[in-house]
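What follows is a single structure, written as structure tokens, with notes after it.
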Amino acid sequence: MTNSPIGIFDSGIGGLSVATAMAELLPEESLLYVADNAYAPYGPRSAESILERSRKITGFLLAEGAKMIVVACNTATSIAIDALREEFPEVPFVGMEPAVKPAAKAGRVGVLATAATLGSSRYLTLRDKHLKGKEVYENACVGLVPLIEEGPAVEVALSAKLASILDPMLAEGVDAIVLGCTHYPLIKDEIQAVCGVGVNIIDPSPAAARQVERLLLQHNLFTLPSETPPGTCGPAHIFMTTGRSISLQRVLLQLANLNGKRKLVVPRVSF
């Protein structure tokens, strides 16, 4: 299975921030990505619904030959990854957690995440471990993910939303912002512009890619260059959506690591 793809899923385009970090670090690996945008956003959904979607998508990715599953969604990680690991014990899983540990050196910390993530035992444990005694300002960022999915068409609304989220944190003197949802690194530049250069914006995507690398090594699953089929140009990245593919294709055009000749987008997959 070493030349099989790595399966990745998210509620929408957010997981592309993780996928592009993986493609940069692991250029020989093929990716099979599912954007579950017919059910997005996950944040307001019940835990039972998110777990059901996570199980269905994981089963689909494994049936398609995925050698590893990356849950590129903080909400799905917080709710579903423990159950997925128990249900599929032979499969390596990588999840997303708010990168609160790198924020431990900051004075005051802002955390942007969904309500489901902020209320999860996984996040609360990490916060108590790494940010105990620090002033932490959290925002569930209600309505932000749909604006990111829409892209430039709602640029003014996105700017207003970011100001409403970040200005109160900045007024409290935060010097680090943790991006606790994989959608948010896609607008990291916009967040930095609101916060200014004095605020450290912490993106968890590179750390997730390094964990994928560690597990590939641990399980002897690296794709070797010699396994690339003759006459092809590197790995094949396949992207699927359960809804419209417009936002996915728009973002892919901006991500050089994922926009290779062997990219394929398959819209409106049902499972």
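So which residues in region 114-146 are of a type in the set (A, V, I, L, M), assigned to a loop (DSSP other than H, G, I, E, B) and surrounded by 18 or more Cβ atoms within 10 Å (Cβ to Cβ)?
Within region 114-146, L131, A140 qualify.
I'm told Y42 meets every condition in (1) modelled with pLDDT of 95 or more; (2) surrounded by 24 or more Cβ atoms within 10 Å (Cβ to Cβ) except one. Can you identify the failing condition by its number?
Exception for Y42: condition (1).
Quick one: count up the residues across region 27-77 that are within 23 Å of S120 (Cβ to Cβ) and aromatic (F, W, Y).
2
Report yes if E149 is touching a helix residue (DSSP H, G or I) at 6+ places or on another chain (Cβ under 6 Å), part of a helix (DSSP H, G or I) and not β-branched (V, I, T), otherwise no.
Yes, satisfied.
Within region 192-211, can you find the residues that are within 16 Å of A99 (Cα to Cα) and assigned to a helix (DSSP H, G or I)?
S205, P206, A207, A208, A209, R210, Q211
How do the pairs read when you match residues in region 144-156 that are more than 15 Å from L112 (Cβ to Cβ) and in the same structural domain as T182 (by TED's automatic domain parsing) with residues anywhere that are of a type in the set (A, V, I, L, M) and part of a helix (DSSP H, G or I), using Cβ under 7 Å and keeping only pairs 6 or more apart or on different chains?
Listed by first residue and then by second, the contacts come to V154/L147.
Report, ordered by the first and then the second residue, all pairs with beta carbons closer than 6 Å, sequence separation of six or more or different chains, a first member in region 178-201 that is over 16 Å from A140 (Cβ atoms), and a second member that is of a type in the set (S, T, N, Q) and not in a loop (DSSP other than H, G, I, E, B).
P185/S17; P185/S205; L186/S17; I201/Q192
Among the residues of region 45-70, count how many are within 16 Å of F88 (Cβ to Cβ), surrounded by fewer than 24 Cβ atoms within 10 Å (Cβ to Cβ) and small (G, A, S).
4
The values are calculated or read from the model by the stated rules, or taken from the named source; none is laboratory data. Remember, predicted model here, so these are calculated numbers, not experimental data. Neighbour counts run over all protein chains shown; Cβ positions are idealised from the backbone, glycine included.
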